[in-house]
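One structure is given below, encoded as structure tokens.
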Amino acid sequence: MQKIAIYPGSFDPITNGHLDIIRRSRLLLDKIIIAVNDNPSKTFLFTVKERTEMIKGAIPASPGIEVESFRGLLVRYAEKKGARFIIRGLRALSDFEYEFQMDLMNRKLSPGIETIFLMTSQKYSYLSSSIIKEIVQLKGCSEGLIPEIVREKLLEKFKNNF
Ligand code: COA
């Protein structure tokens, strides 16, 4: 039976920290579906289409990796895709409480789905999408932290602010 996992997130935008989690989880599982959350009640810098396209542009086409967007409950989406696993990255102790809560709730909603947590590689442990947006907007150096396509899209977004 194929081991399919969902890697969900806002990805506003995707960073090299997320890519590291995707690469490592792909070594453990047969298929990773990167699922971009389309939450109309949240404010994002990039539209769901832009976030999805950036991920597709940052990851070389591979038979074991898919990129999609989803709305509604994550576990319902996972069930629909035949995924028994959810992947989440942990960067620091501060991530733990929120992730633990989500894991417990997701398991209550769908007991057959397990969340697998991967510790973020140390070099990305201080990264977040918000910090990246701020750095690029303020013309700081983002080298090695985000894919080139993301850097270009951020510069485009902020061009009127420069
Ligand atoms: N490297 C770099 N940054 C990382 C990271 C990593 N490995 N892991 C997390 N982050 C950062 C993200 O960049 C983001 O930063 P920001 O807050 O500055 O934007 C932050 O951690 C959290 O982002 P993300 O992992 O994308 O989680 P999220 O809270 O935006 O999304 C969902 C969480 C989408 C999985 C969750 O809200 C969900 O499942 N929603 C669907 C509705 C649902 O089912 N709700 C019930 C859940 S119990």
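The values are calculated or read from the model by the stated rules, or taken from the named source; none is laboratory data. It should be emphasised that the depicted structure is a prediction, and the values quoted were computed from it without experimental measurement. Because the Cβ atoms are built from the backbone with ideal geometry, glycine has one as well, and the counts that use them run over all protein chains shown.
Points worth noting:
- Taking the stretch 29-44 as the range and being crowded, with 17+ Cβ neighbours inside 10 Å and within 15 Å of GLU66 (Cβ to Cβ) as the test, the residues that pass are LEU29, LYS31, ILE32, ILE33, ILE34, ALA35, VAL36.
- The residue list SER130, SER125, SER142, SER121 contains one member that is over 29 Å from MET1 (Cβ atoms), of a type in the set (S, T, N, Q) and exposed (fewer than 12 other Cβ atoms within 10 Å of the Cβ), which is SER130.
- Checked against (1) within 15 Å of the ligand (Cβ to nearest atom); (2) more than 21 Å from GLU134 (Cα to Cα); (3) part of a helix (DSSP H, G or I), LEU19 passes all but a single condition, namely (2).
- Checked against (1) aliphatic (A, V, I, L, M); (2) farther than 25 Å from ILE59 by Cα; (3) away from the ligand (no atom under 12 Å from the Cβ); (4) surrounded by 11 or more Cβ atoms within 10 Å (Cβ to Cβ), ILE116 meets all criteria but (2).
- Taking the stretch 128-162 as the range and being of a type in the set (Ser, Thr, Tyr) and either part of a helix (DSSP H, G or I) or touching a residue at least 40 places away in the same chain (Cβ under 8 Å) (or both) as the test, the residues that pass are SER128, SER129, SER130.
- Being near the ligand (Cβ under 8 Å from one of its atoms), modelled with pLDDT of 95 or more and of a type in the set (D, E, K, R) holds for only one residue in ASP30, ASP38, ASP12, and it is ASP12.
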